[in-house]
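> The following block contains the structure, expressed as structure tokens.
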Amino acid sequence: MKTEMKDIVNLCQNRGFVYQGSEIYGGLANAWDYGPYGSLLKENIRALWIKEFVQKRMDLMLIDCALIMNPKVWEASGHVGGFADPLMDCKSCKARWRADKIIDQYLLDHPEASEPQGYAGDKTDSKVLEEYIREQGIACPDCEATDFTEIRRFNLMLKTFLGVTEDAKAQAYLRPETAQGQFVDFPSVARSSRRKLPFGIAQVGKSFRNEITPGNFIFRTREFEQMEIEFFVTPGEDDAYFAEWKSESERFLTEVVGLKKENIRFSPIKKEELPHYSKEAGDFEYQYPFGWGEIETLANRTNYDLSAHMQHSKQDMSYFDPINNKKFIPYVIEPAMGLGRIVLAALCDAYTVEQKGEETRTYLKFDPKVAPIKVGVLPVVKKIADIARPIYAQLSEDFVCEYDDVGSVGKRYARFDEIGTPFCVTIDSENYDNGMVTVRYRDSMEQETVKIDQLNDFLRKKMR
């Protein structure tokens, strides 16, 4: 049975993973709130990323930069002048589209068609995009009309104002990416940490982009969370570190988060489509129910960002190598993951439907490391809460647990399966009197009895 996005959305909303934002007021287009289980799932993935790339490595440090930075940062980085999408409107139904995305979809639907000459996605000249859409008769995806407005370039940064006046002098921006904070803090981190190249600066945090066409649930939103590393290296060593981070990124997605390898691919970005700051780049993509979608971009940003900030700020952004007695601007390898997109990939990857005779069983087959609730605690009947609650207290010292005594045990098992809980501990008076409880496994539904005083150690080994 093929999984569709509506299956994922329904489960997320019914089981407390993701809710419509501001729902009691009719919502806000493409604004989503993470519920109790979605928040824990996201937190687990974030914690695993920090553990793998900060805690377990000697060459990476974590920082947390401000959401609003000096506007000159975005002038230096090129976001003010060049961070724009080609926007066009359908004259018939008034729907708004990105011209390059309409062309990309047309090329997917018509494999025999050739790309526009010199096509470079959103960086293609607007006149070239307009002419191609007109010549090919590409229609509006909503109403199939072929009459569009001229393309206008739309800057994606969200503006705000600092202070009591709303004029040009008070204008600022919500950051469109976390990376620039790491770049402008590079001299401070290098000085205070006393690290020698190569070393990296990691950051997890919110970014904001005024997307023209957000959609596909939590895949493309205007407010999103990034997990980014800027890894600073000596020029000439960058190609080797690009290959190393490609391997590390794939390992994290498949071995740590537990995504199926067949659902992950790496797509190199063509030279003519590379961002202006990149020497080499590619996207890790996941096969969602709606198709392949980017979950991480890996880029060799050369020394572009540090050089740009050095030029605009007049501050020294170089690095002094005490071994070779040389001063230079480091190159940067950047693995940048979208946390919300990995959360969605984990949900899609775990979504499992099994048919046994006339019965259908739906559950989330999370790797125990990312599962929001690790252990469900179920007294067989409510009246034995006095012996069940201490076991919850014992387990919750080591695991995120949930206590449930409402309804039949079978229905409670099914609910825990649907939120991806790998283990349930069931307490009954007879076993308890013998110092035992029953552990039930989500995937196989098999059960075994375990001694209460060994329970935490038993489950800890199962979760590795």
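The values are calculated or read from the model by the stated rules, or taken from the named source; none is laboratory data. Keep in mind it's a predicted model, so treat the numbers as computed, not measured. Please note: Cβ atoms are built from the backbone with ideal geometry, for glycine as well, and neighbour counts cover all protein chains shown.
> Report yes if some residue within region 92-106 is in a loop (DSSP other than H, G, I, E, B), without any contact (Cβ under 8 Å) to a residue 40 or more places away in the chain, among the basic types (Lys, Arg) and not assigned by TED's automatic domain parsing to the domain that holds Ile201; otherwise report no.
Yes, because at least one residue in region 92-106 is in a loop (DSSP other than H, G, I, E, B), without any contact (Cβ under 8 Å) to a residue 40 or more places away in the chain, among the basic types (Lys, Arg) and not assigned by TED's automatic domain parsing to the domain that holds Ile201.
> While we're here: Could you tell me which of the residues Ala345, Ala371 is touching a Ser or Thr at 6+ places or on another chain (Cβ under 8 Å) and either of a type in the set (D, E, K, R) or within 23 Å of Arg251 (Cβ to Cβ) (or both)?
It is Ala371.
> Regarding region 313-327, can at least one residue be identified that is among the β-branched types (Val, Ile, Thr) and surrounded by 17 or more Cβ atoms within 10 Å (Cβ to Cβ)?
There is no residue in region 313-327 that is among the β-branched types (Val, Ile, Thr) and surrounded by 17 or more Cβ atoms within 10 Å (Cβ to Cβ).
> Can you find a residue that is in contact with an Asp or Glu (Cβ under 7 Å, 6 or more places away or on another chain), of a type outside the set (Lys, Arg), outside any loop (DSSP other than H, G, I, E, B) and within 30 Å of Gly118 (Cα to Cα) anywhere in region 221-240?
No, region 221-240 contains no residue that is in contact with an Asp or Glu (Cβ under 7 Å, 6 or more places away or on another chain), of a type outside the set (Lys, Arg), outside any loop (DSSP other than H, G, I, E, B) and within 30 Å of Gly118 (Cα to Cα).
> Moving to a separate point now. Only one of Pro335, Pro368 is closer than 30 Å to Ile295 by Cβ, assigned to a loop (DSSP other than H, G, I, E, B) and within 26 Å of the chain's Cα centre (by Cα); which?
Testing whether each residue is closer than 30 Å to Ile295 by Cβ, assigned to a loop (DSSP other than H, G, I, E, B) and within 26 Å of the chain's Cα centre (by Cα) leaves just Pro368.
> Sticking with this structure for a sec: Could you check, for region 318-328, whether at least one of its residues is within 30 Å of Gln117 (Cα to Cα), among the polar types (S, T, N, Q) and in the same structural domain as Ser188 (by TED's automatic domain parsing)? Break it down stepwise before answering.
So in region 318-328, the residues within 30 Å of Gln117 (Cα to Cα) come out as none.
Scanning region 318-328 turns up no residue that is within 30 Å of Gln117 (Cα to Cα), among the polar types (S, T, N, Q) and in the same structural domain as Ser188 (by TED's automatic domain parsing).
> Are any residues in region 255-272 out of contact with any strand residue (DSSP E or B) (no Cβ under 6 Å at 6 or more places or on another chain) and closer than 23 Å to Glu115 by Cα, and if so, which ones?
Passing the criteria: Lys270, Lys271, Glu272.
> Shifting gears a bit: Just checking, does region 295-307 include any residue being out of contact with any Gly (no Cβ under 6 Å at 6 or more places or on another chain) and loosely packed, with under 15 Cβ neighbours inside 10 Å?
No.
A quick yes/no check of all residues on (1) of a type in the set (Val, Ile, Thr); (2) more than 30 Å from Met157 (Cβ to Cβ):
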| site | (1), (2) |
| --- | --- |
| Pro198 | no, yes |
| Ser207 | no, no |
| Asn210 | no, no |
| Ile218 | yes, no |
| Ala243 | no, yes |
| Glu250 | no, yes |
| Gly258 | no, yes |
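> Next up: Looking for something touching a residue at least 12 places away in the same chain (Cβ under 8 Å), among the charged types (D, E, K, R) and over 20 Å from Pro176 (Cβ atoms) - is there at least one such residue anywhere in region 71-86?
no
> Could I ask something else about it? Quick one: Ile452 ticks every box in (1) in contact with a Gly (Cβ under 6 Å, 6 or more places away or on another chain); (2) within 28 Å of Val18 (Cα to Cα) bar one, so which box is it?
(2)
One line per residue, one yes/no per condition, for (1) in contact (Cβ under 8 Å) with a residue 12 or more places away in the chain; (2) in a helix (DSSP H, G or I):
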{"site": "Ile24", "(1), (2)": "no, yes"}
{"site": "Leu41", "(1), (2)": "yes, yes"}
{"site": "Trp49", "(1), (2)": "yes, yes"}
{"site": "Val54", "(1), (2)": "yes, yes"}
{"site": "Met58", "(1), (2)": "no, no"}
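> Restricting to region 193-220, count the residues that are in contact with a Leu (Cβ under 9 Å, 6 or more places away or on another chain), surrounded by 17 or more Cβ atoms within 10 Å (Cβ to Cβ) and assigned to a strand (DSSP E or B).
Selection size over region 193-220: 9.
> One residue is enough: does region 182-199 have a residue meeting the conditions touching a Pro at 6+ places or on another chain (Cβ under 7 Å), modelled with pLDDT under 90 and under 30 Å from Asp238 (Cβ atoms)?
No.
> OK, next. Could you run through region 431-461 and say how many residues are touching a strand residue (DSSP E or B) at 6+ places or on another chain (Cβ under 7 Å), charged (D, E, K, R) and more than 20 Å from Val381 (Cβ to Cβ)?
3
> Residues of region 330-362 being crowded, with 18+ Cβ neighbours inside 10 Å and among the β-branched types (Val, Ile, Thr), which ones?
Once the filter is applied, which keeps residues that are crowded, with 18+ Cβ neighbours inside 10 Å and among the β-branched types (Val, Ile, Thr), region 330-362 yields Val332, Ile333, Ile342, Val343.
> Could you give me the residue pairs with C-beta distances under 7 Å whose first residue belongs to region 119-131 and is in contact (Cβ under 8 Å) with a residue 40 or more places away in the chain, whose second residue is of a type in the set (Gly, Ala, Ser) wherever it lies, and which are 6+ apart or on separate chains?
Final answer for the pair search is Leu129/Ala99.
Here's the yes/no breakdown for (1) under 22 Å from Lys2 (Cβ atoms); (2) of a type in the set (D, E, K, R); (3) within 18 Å of the chain's Cα centre (by Cα); (4) part of a helix (DSSP H, G or I):
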{"residue": "Asn300", "(1), (2), (3), (4)": "no, no, no, no"}
{"residue": "His312", "(1), (2), (3), (4)": "no, no, no, yes"}
{"residue": "Phe320", "(1), (2), (3), (4)": "no, no, no, no"}
{"residue": "Lys327", "(1), (2), (3), (4)": "no, yes, no, no"}
{"residue": "Leu347", "(1), (2), (3), (4)": "yes, no, yes, yes"}
{"residue": "Thr360", "(1), (2), (3), (4)": "yes, no, no, no"}
{"residue": "Tyr363", "(1), (2), (3), (4)": "yes, no, no, no"}
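> Which fully enclosed strands (runs of 3 or more DSSP E) of region 392-442 have 3 or more residues being in contact with a Phe, Trp or Tyr (Cβ under 7 Å, 6 or more places away or on another chain)? Spell out how you get there, then give the answer.
Values: elements: 401-403, 423-427, 436-441.
Of the strands (runs of 3 or more DSSP E) lying wholly inside region 392-442, those with at least 3 residues that are in contact with a Phe, Trp or Tyr (Cβ under 7 Å, 6 or more places away or on another chain) span 436-441.
> Here's something else I'd like to know. From Glu250, Glu262, Glu285, grab the single residue that is free of Cβ contacts under 8 Å to residues at least 40 places away in the same chain, farther than 30 Å from Ile68 by Cβ and touching a Phe, Trp or Tyr at 6+ places or on another chain (Cβ under 6 Å). I'd like the intermediate steps shown before the answer.
Values: Glu250 fails: touching a Phe, Trp or Tyr at 6+ places or on another chain (Cβ under 6 Å); Glu262 fails: touching a Phe, Trp or Tyr at 6+ places or on another chain (Cβ under 6 Å).
Of the residues listed, the single one that is free of Cβ contacts under 8 Å to residues at least 40 places away in the same chain, farther than 30 Å from Ile68 by Cβ and touching a Phe, Trp or Tyr at 6+ places or on another chain (Cβ under 6 Å) is Glu285.
> Can you tell me which residue is surrounded by the most Cβ atoms within 10 Å (Cβ to Cβ) among those in region 401-430 that are of a type in the set (Lys, Arg) and out of contact with any strand residue (DSSP E or B) (no Cβ under 6 Å at 6 or more places or on another chain)?
Among those residues, the one meeting the criterion is Arg415.
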